[in-house]
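The values are calculated or read from the model by the stated rules, or taken from the named source; none is laboratory data. Since the structure is predicted, the reported quantities are computational estimates derived from the model, not experimental observations. We place every Cβ from the backbone using ideal geometry, glycine too, and count neighbours over all the protein chains shown. Accessible surface is based on the protein model in full, side chains and every heavy atom, while ligands, DNA and RNA are left aside. Shrake-Rupley method; radii C 1.70, N 1.55, O 1.52, S 1.80 Å.
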Amino acid sequence: MPRTHKILWIATLFSAFAFLGMTVDSLHRMSARTHADQLSAQVVEGKRLWQHYDCNDCHTILGIGAYYAPDVTKSFAQRGEPWLRKFLQNPAAMYPAGRQMPNYHLSGAQIDSLVAYLGWVSRIDTNGWPPAPEGMAPAQGAASAELAGSKVYLAQGCNACHSMQGSGGALAPDLTHVGSRRSKAWILQQLDDPRRNNVQSIMPSFGQLATGDKQQLADYLVSLK
Amino acid sequence: MRYKSQTIAREYLVAALLLFLLQVVFGLLNITKYIWGYDPLLNIIPFNVSRAIHINLLVFWLLLALMGATYYMVADELKTEIYSAKLGRVQLGILLASGVAAIVGYLFQWNFGMPFLEQPTVVKLAIVVAALIFLANIGLTMFKNHHTLTRMTATLLGGMVMLAVMFLFGIPFMDNLSTQYYYWWWVIHLWVEGAWELIAASLVGWALIKVTGVSRQRIEGWVFAEVCLVLLTGVIGTGHHYYWIGTPRYWLWWGAIFSAAEPIPILMMLVDTVRHMLGARTLRTVNTLGLAWLGASAFVHFMGAGVWGFGQTLPQINRWTHGTQITASHGHFAFWGAYGMLAIALMYIILPELSGQSTEHGSKVGFTAFVSMNFSMIFMVMALLIAGIVQVYFQRVLGMEYLQTQGHMRLWYEVVLVAGSVFFVGTLLVLWDLLRLARTLPVGEPIPETEPEAIPGD
Ligand code: HEM
Ligand code: HEM
Ligand SMILES: [Fe+2]
């Protein structure tokens, strides 16, 4: 074996051992970074369901998987628990148009496990991934309360059906000037129970939202004159 | 063909070709689901199932092709029959049965649920059994002929052993998703940027010696250096997948530095292949299409893996591109160049030798396939790349909703569909051409072959 080959071979073996060493260290640190102590039986059951239904071949999680559906790493943090529950009960109710997720007719306990799992995942320290967007610039002159309301609007996926300033879905009325035709009380009622205003409404109820979020959302919408 | 047991290579290669066609059909199904949101098959073959089938068939046909080529190559190098042709057939049977069980299982939600490793655990264990049979069969052939063992075949066996060992890390269920993914990459990354590269490098080396007649000594020296560098950069290079999955921050450095060097051995392989091909054009009867696929593979391997991979491997960039269509663009380009094209090149070299057909001038159908497949694949990966750039900008930089962004990418998915359809036609042509070459015309007698270089032990 020529000398250069021998050196190369030794360096290669050395790098493999270094890699094993780093693996031991990484696994050790990862239990803190992932809050392994919070891996309850329910969370693990959620992971099992996630794999059983092969959710990962539509979705990415931690940025790995298929690119057909949104990354769910931060869904729990962005959408909140009530939304996730409602969504998992019947995905089509929240996103009637566009790409579809199958309805697996999950039981209440299964949904609990999946939500617990997504909650655990959302707390993994991912070194700041995904990066915060540099911004859809907020509407000019928007006050901070309204900004908070617009965040709720985005987080709850209202734009799956509604559009605003030309962006969003086409299944429901455009909300760019909704404040000029609806009062705050009416909007709050629509959020709680859309069927009161239209028995055949396809809009899901957002009654489970936190009261503060509902208020901010309604304030924001009435400000859109 | 000189050894009777080499005919098992034909069975592996023909099976691989048919599965390749099926893989492409599922690729087309995937992209139509991307384009038309309403999916009439949602409750029969939803996207996750068609994607699982697409990528499983991909890995499956490539493995069949590499294993078939290995059986052929080992007999050819060691100048011997394979230890047991029958075991080789049993192995193929187990693999095909596992494949059918897995794919039918997916339709009924029988699924392990990790991408590429969707096979239920029982099926994985059957695959392990097949792998053990394969290693035993090849290992015993080498052991019985250790006096004619070449460095090329030893490297190949090394790659196959590494392939089998890494697969084991994809079997257990782990409670912690981050840990699960940590080991998942030991299969996915350490396969394509480790074990498979060793296998590919030794098969390319063998093919070069065979087709160009360049001296064994020179090629073996290069292959050894390349293989060491692949592992030296690629093992710690696994860190380019450990940036954002709950792993410590130091991987941002280690992963970046080592993976950034991964294109170096790939570039060496390209330079090496081109040099030997140009330098040795006149030495032997040429196999025009075999050479064309081999040379083009070296080039696309470098572009798809080396250039596309490097483009997204630094954390400053990967932070934005991670898990977008840019990854899909790289995945297609690299798999096609490094392994898909190599598998076809090996088929063009091995199948006619087995059947005794002349390959001096490739057929028109074969050239049409070569051109149409490669150009359409380039269009496909370019369209995916542009789709990915649109995605990164609207979704990650501006913060637009996922589904809304997808709407803005639709045009590029349509380009993928058109290019993919051309690719499908090319696949039919290459299948036609290769199946034609695989048919034995005169049965029996070994084809006399002129050997310009004397090999010790011959
Ligand atoms: C033959 C060689 C290669 C093949 C077949 C290949 C294939 C792939 C595939 C299929 C993926 C996606 C995995 C998933 O599902 O998440 C991927 C990801 C990746 N590859 Fe490669 N690759 C090769 C070589 C390389 C090289 C040499 C580099 C770097 C220089 C590289 C850098 C990357 C990176 C950074 C990712 C992660 C992308 C992301 O963050 O989403 N690859 N590769
Ligand atoms: C007609 C041709 C093809 C079409 C239209 C097609 C389309 C697709 C689509 C839509 C996906 C799913 C992307 C996702 O994860 O969301 C996919 C995945 C994949 N395909 Fe294909 N494909 C084709 C042929 C091929 C070929 C020939 C290869 C390899 C040689 C290949 C390798 C892959 C790989 C490695 C993945 C996983 C990518 C990743 O995880 O990043 N495909 N394909
Ligand atoms: Fe990698």
task = Under 8 Å between Cβ atoms, at least 6 apart or on separate chains: pull out the pairs that start in the range A:97-116 with a residue that is part of a loop (DSSP other than H, G, I, E, B) and end on any residue that is of a type in the set (Ser, Thr, Tyr).
result = A:Arg99/A:Tyr68; A:Gln100/B:Tyr38; A:Met101/A:Tyr95; A:Tyr104/A:Tyr53
message = Looking at the range B:109-125, can you tell me whether even one residue there is surrounded by fewer than 15 Cβ atoms within 10 Å (Cβ to Cβ) and modelled with pLDDT under 95?
response = yes
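Of all residues in the range B:286-340 being free of Cβ contacts under 8 Å to residues at least 24 places away in the same chain and more than 20 Å from B:Gly205 (Cα to Cα), which is most open to solvent (accessible area, probe 1.4 Å)?
Step by step, filter the range B:286-340, then rank; the result is B:Gln316.
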task = State which residue pairs qualify: first residue more than 19 Å from B:Leu64 (Cβ to Cβ) and inside the range B:175-197, second residue more than 13 Å from ligand 1 (Cβ to nearest atom) and among the aliphatic types (A, V, I, L, M) in any location, beta carbons under 6 Å apart, and separation of 6 or more residues or different chains.
result = B:Asp175/A:Leu39; B:Asp175/A:Val44; B:Asn176/A:Ala36; B:Ser178/A:Met30; B:Gln180/B:Met174; B:Trp186/B:Met166; B:Leu190/B:Met166
task = Determine which member of the set B:Ala200, B:Ala207 is open to solvent by less than 10 Å² (accessible area, probe 1.4 Å) and either in a loop (DSSP other than H, G, I, E, B) or within 16 Å of ligand 2 (Cβ to nearest atom) (or both).
result = B:Ala200
remark   = Filtering the range B:22-38 down to residues that are over 12 Å from B:Ser421 (Cα atoms) and either surrounded by 21 or more Cβ atoms within 10 Å (Cβ to Cβ) or touching a residue at least 24 places away in the same chain (Cβ under 8 Å) (or both) yields B:Leu22, B:Gln23, B:Asn30, B:Lys33, B:Tyr34, B:Ile35
key: Selected residue (criterion: nearest to the chain's Cα centre (by Cα)) from residues of the range A:77-125 that are among the hydroxyl-bearing types (Ser, Thr, Tyr) and farther than 30 Å from B:Leu252 by Cα   = A:Tyr95
message = Please go through the range A:46-72 and give me each residue that is within 9 Å of chain B (Cβ to nearest Cβ) and assigned to a loop (DSSP other than H, G, I, E, B), ordered by number.
response = A:Tyr53, A:Asp54, A:Cys58, A:Leu62, A:Gly63, A:Ala66, A:Tyr67, A:Tyr68, A:Pro70, A:Asp71
inquiry  = Between A:Leu27, A:Leu49, A:Leu88, which is more than 30 Å from B:Tyr38 (Cα to Cα) and among the aliphatic types (A, V, I, L, M)?
reply    = A:Leu27
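At least 2 residues that are more than 23 Å from the chain's Cα centre (by Cα) in each: list the helices (runs of 4 or more DSSP H) lying fully within the range B:325-436 that qualify.
Counting at least 2 such residues, we get B:364-391.
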query = Listed residues B:Ile378, B:Ile344; which is more than 16 Å from ligand 3 (Cβ to nearest atom), over 19 Å from B:Val192 (Cα atoms) and either buried (at least 24 other Cβ atoms within 10 Å of the Cβ) or away from chain A (no Cβ under 14 Å) (or both)?
reply = B:Ile378
note = Conditions (1) over 20 Å from B:Leu252 (Cβ atoms); (2) within 16 Å of ligand 2 (Cβ to nearest atom); (3) in contact with a Gly (Cβ under 6 Å, 6 or more places away or on another chain); (4) not aromatic (Phe, Trp, Tyr) -> B:Ala296 fails only (3)
request  = Mind telling me which of the residues A:Val24, A:Val43 ends up being surrounded by 17 or more Cβ atoms within 10 Å (Cβ to Cβ), in a helix (DSSP H, G or I), more than 16 Å from ligand 2 (Cβ to nearest atom) and β-branched (Val, Ile, Thr)?
outcome  = A:Val43
message = For B:Tyr182, only one of the following conditions fails: (1) among the hydroxyl-bearing types (Ser, Thr, Tyr); (2) over 22 Å from B:Ala305 (Cα atoms); (3) at pLDDT 95 or above. What is its number?
response = (2)
ask   = If B:Val227 passes every condition in (1) more than 9 Å from every other protein chain (Cβ to nearest Cβ); (2) more than 16 Å from ligand 2 (Cβ to nearest atom) but one, which one does it miss?
value = (1)
ask   = Quick check: is even one residue across the range B:248-261 open to solvent by 20 Å² or more (accessible area, probe 1.4 Å), touching an Asp or Glu at 6+ places or on another chain (Cβ under 8 Å), in a loop (DSSP other than H, G, I, E, B) and under 30 Å from A:Gly65 (Cβ atoms)?
value = no
key: Breaking point among (1) open to solvent by 30 Å² or more (accessible area, probe 1.4 Å); (2) within 12 Å of ligand 1 (Cβ to nearest atom); (3) in contact with a His (Cβ under 8 Å, 6 or more places away or on another chain), for B:Phe224   = (2)
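Regarding A:Val152, is this residue of a type in the set (A, V, I, L, M, F, W, C), out of contact with any strand residue (DSSP E or B) (no Cβ under 8 Å at 6 or more places or on another chain) and within 19 Å of A:Lys86 (Cα to Cα)?
Against the criterion (of a type in the set (A, V, I, L, M, F, W, C), out of contact with any strand residue (DSSP E or B) (no Cβ under 8 Å at 6 or more places or on another chain) and within 19 Å of A:Lys86 (Cα to Cα)), A:Val152 qualifies.
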key: Failed criterion for B:Ala136 (all others in (1) small (Gly, Ala, Ser); (2) assigned to a helix (DSSP H, G or I); (3) touching a helix residue (DSSP H, G or I) at 6+ places or on another chain (Cβ under 6 Å) hold)   = (3)
query = So B:Gly113 clears everything in (1) without any contact (Cβ under 8 Å) to a residue 24 or more places away in the chain; (2) away from every other protein chain (no Cβ under 14 Å); (3) within 16 Å of ligand 2 (Cβ to nearest atom) except one condition, right? Which one?
reply = (2)
task = Spot the failing condition for B:Val49; the list is (1) more than 16 Å from ligand 1 (Cβ to nearest atom); (2) away from chain A (no Cβ under 12 Å), and only one is missed.
result = (2)
